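*Asks:* Quick one: structure below, then a few questions.
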Amino acid sequence: MILESILEMPMKKFSLIHIVALLVGVILVISFSFKMNTTVTFYGFAENKETQINMENPVEVNRIHVTTGQKVKKGDVIIDVSSSILPIKINDAVFSIEELKTRYELWKLDLDGRISEREILLNEKSSAIQAQIDQQYAQLDKNKKLASSLKSIDLDATEKSDIKSPIILRINALTEELKYSKTSISTQINNLKNERYVTNNPMLSRIKILEKELSYFTIKKEKETILAPSDGLIGNIHCKEDEKISSFSPLVTFYEESPTLVIGYIHEDLLLKVNLLDEVTVFSTSRPDIQNTGIIKTLGSRIVEIPPRIRKIKELKTYGREVIIEIPPDNPFLQKEKVTLTLNQ
């Protein structure tokens, strides 16, 4: 019994040591796995914001003032171009404006002439009718004088009679004709004057529209010298001097001076761990002391192949989702510099 107890003791001690070691190992594995699961790390590269400079009209390149990779300041001249369409549009607008102005002046002269004709007609007709009225009054006075010499005729009784003489009737008729003529011709004159001095004349409205178009075309022509939109770098130059470029075709690729974006690729197994507006710490892989903080602004809409340069194992194809992170412009990263991205949780 004692021997058996002694033989059993080492076996119990051995088993207990292994059990304790196994438990410690399990705890370490679980802790390590939990730590790994709570830290999301992936790779990407810094990218300067790219702008394709183009023109909305076909142009001919006159002179290129920059070279690929050159640093430029805001407002520096990049390319001189000339439009093949704007001069035609400007000439057409100028011609149309001059044509309309000529037509408008002729139209005004025509109306002025018609107004003058009516005014002359009014004066002539008024004078003619008034002359007839005056003539009738003169005849009436003459008749009165003749009647006064004849004692047999009672002038007072004649004047008080309801029967009017033909001369009086003629005078009344001419007076009505004079009044009607003045009213009718004056109305015509007023109508012509209203038409002459109207402010919303269709030709004047069209002239104003064409003048605005001409001003727009002229300003566009003055802007045919392409300037740097901000401090930055010249990328690819897509044109040559004396070359004709179609509308909206790229002339120059322009990059901002410092990277403002980081394009990363997160493995497809970690997709659920990232969201828009998450904060990310960005480290340079070649300069670990350089880091910055960014915000996730865009998540790709599909799974793509991760570029070999930012795979953990270049030879092993892996797939993930593109993630675009915005970083402050005042950063020390180089364009296309490889970076490590850690999700801040």
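*Asks:* Straight-line reach only, C-alpha to C-alpha below 18 angstrom: list the aspartates and glutamates that residue 212 could link to, leaving out same-chain residues fewer than 8 apart.
*Replies:* Hits, sequence-local ones excluded: 92, 98, 99, 222.
*Asks:* Over the heavy atoms of residue 238, what accessible area does a 1.4 Å probe trace out, to the nearest 10 Å²?
*Replies:* 80
*Asks:* Could you work out how much longer the chain between residue 105 and residue 279 gets when fully extended? Use 0.36 nm per residue separation minus the Cα distance between them, nm to one decimal.
*Replies:* 55.7 nm
*Asks:* Loop-only trypsin sites (Lys or Arg not before Pro) in region 276-345, please: DSSP not H, G, I, E or B, and at most 13 other Cβ atoms within 10 Å. Display every interim value, and only then the final one.
*Replies:* On the way: sites: 297, 302, 309, 311, 312, 314, 317, 321, 336, 338; in loops: 311, 312, 314, 317, 336.
Sites meeting the loop and neighbour criteria: 312, 314, 317, 336.
*Asks:* Quick check on my link table: of 71/338; 71/220; 49/297, which ones sit more than 19 Å apart, alpha carbon to alpha carbon?
*Replies:* 71/338; 71/220
*Asks:* Can you give me the distance in nm between label points at residue 269 and residue 120, each placed 7 Å from the Cα along the Cα-to-Cβ direction?
*Replies:* 10.4
*Asks:* Using only the alpha-carbon atoms, what does region 235-345 span along each of its principal axes? Please give whole angstrom values in decreasing order.
*Replies:* Projected onto the principal axes, the Cα atoms of region 235-345 cover 55, 31, 28 Å.
*Asks:* May I ask you to list the residues of region 166-187 whose amide nitrogen lies under 13 Å from a point 7 Å from Cα along the Cα→beta-carbon direction of residue 131?
*Replies:* Within reach of a label on residue 131, which here means backbone N under 13 Å from a point 7 Å along Cα→Cβ, region 166-187 contributes nothing.
*Asks:* Filter the trypsin sites (Lys or Arg not before Pro) in region 200-263 to those in DSSP coil with at most 13 other Cβ atoms within 10 Å of their Cβ, and list the result.
*Replies:* Within region 200-263, the qualifying trypsin sites (Lys or Arg not before Pro) (loop, at most 13 other Cβ atoms within 10 Å) are 223, 240.
*Asks:* While we're looking at this one, here's another question. Using protein chains only and a probe of 1.4 angstrom, how many square angstrom of residue 118 are accessible, to the nearest 10?
*Replies:* Accessible area, nearest 10 Å²: 60 Å².
*Asks:* For region 175-249, which chymotrypsin sites (Phe, Trp or Tyr not before Pro) are in a loop by DSSP, counting at most 15 other Cβ atoms within 10 Å?
*Replies:* 197, 248
*Asks:* Accessible area, 1.4 Å probe, largest first: how do 67, 285, 199 sort?
*Replies:* Correct descending sequence by accessible area is 199, 67, 285.
*Asks:* Just tell me which aspartates and glutamates come within less than 13 Å, Cα to Cα, of residue 74; anything on the same chain fewer than 8 places away is out.
*Replies:* 231, 256, 257
*Asks:* Work the Kirkwood hydrodynamic radius out for region 89-131: mean of 1/r over every pair of different alpha-carbon atoms, inverted, in Å.
*Replies:* For region 89-131, the Kirkwood estimate is 12.7 Å.
The values are calculated or read from the model by the stated rules, or taken from the named source; none is laboratory data. Remember, predicted model here, so these are calculated numbers, not experimental data. Cβ atoms come from the backbone with ideal geometry, glycine included; neighbour counts cover every protein chain shown. The protein model used for the area step is the full one, side chains on, heavy atoms only, and it has no ligands, DNA or RNA in it. Shrake-Rupley method; radii C 1.70, N 1.55, O 1.52, S 1.80 Å.
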